[in-house]
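Working notes, structure below.
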Amino acid sequence: MDVENILTRHFGGDTAACAIVLEHSRMVADMSLRIARALDDPTLDLLFIEEAALLHDIGVCRTDSPGIGCSGDAPYILHGIIGREILEAEGLPRHALVCERHIGVGLTIDDIVRQGLPLPLRDMVPVTREERIVCYADLFFSKKGNSLRHEKAPHEIRRGLSRHGEHRVEIFDRWLVEFGL
């Protein structure tokens, strides 16, 4: 699969945004593969993990995110849902679920209601181990230009997650034990 071609087609003229998302996604993919290999679990699909990590933020292309060069109409919080739609249309339903389920440590119906998020009322949490690995690795990297190459420390991730509830920090801490650094 030509992941770069899929991204380029959907970002269209937003080449700077595409480059940022691709660089971010490569860092997420590299970490995801390191984690998966260290787990030495023969049931893990390494090719899927790499592809899904590279495509997990494709939905950003349709968001209003001027900080990373995106000029779409949708709020950033919708990039997971949009990514799912894009990848389902591309015939990649497993990859599409990673897009939808990778926000933070995942979003439950309760999270959506409590925070008043403009999302469908359904649980969007990583289910498979592959999905959890990509979601976990994504927490370590930002798409912001000045911190694009910075790998966050666990305390930085905890601080960010705690703004949305301590239960999110607990999930991260479980993943930290399961996956390590």
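Each reported figure results from applying straightforward, stated rules to the coordinates on display, with no laboratory input. Keep in mind the model is a prediction, meaning the values are calculated, not measured. All Cβ positions, glycine included, derive from the backbone under ideal geometry; neighbour counts span all protein chains shown.
For the reader, a short list of remarks on this structure follows.
- For the residues His79, His167, His95, a GNM of the chain with alpha-carbon springs under 10 Å puts the largest fluctuation on His167.
- Each distinct pair of alpha carbons in region 56-145 adds a 1/r term; the inverse of their mean, the Kirkwood radius, is 13.2 Å.
- Net charge of Cβ neighbours under 13 Å - reference Arg34; Lys, Arg +1; Asp, Glu -1: -2
- A cut-off under 14 angstrom between Cβ atoms defines the neighbours of Glu50, and their net charge, with Lys, Arg +1 and Asp, Glu -1, is -4.
- For region 53-114 and region 115-179, distance of Cα centres in Å: 14
- For Ile133, Ile58, Ile6, Ile20, the sequence from fewest to most other C-beta atoms within 10 Å is Ile6, Ile20, Ile133, Ile58.
- Low-density loop cleavage sites - trypsin sites (Lys or Arg not before Pro) in region 120-181, where at most 15 other Cβ are within 10 Å (DSSP): Arg122, Lys144, Arg149, Lys152, Arg163
- Here the gap between His164 and Ile109, fully extended at 0.36 nm per residue and compared with their Cα-Cα distance, gives a gain of 18.4 nm.
- Here the calculated FRET efficiency for Glu151 and Asn5, from their Cβ-Cβ distance with R0 = 25 Å, stands at 0.35, rounded to the nearest 0.05.
- Hydrodynamic radius of the chain per Kirkwood, over alpha carbon pairs, in Å: 16.3
- Per residue, the chain reaches -17500 deg cm²/dmol at 222 nm when only DSSP H runs of four or more residues are counted, each adding -39500 (n - 2.57).
- Cut-off 13 Å between beta-carbons: net charge of the residues surrounding Pro93, Lys and Arg +1, Asp and Glu -1: -3
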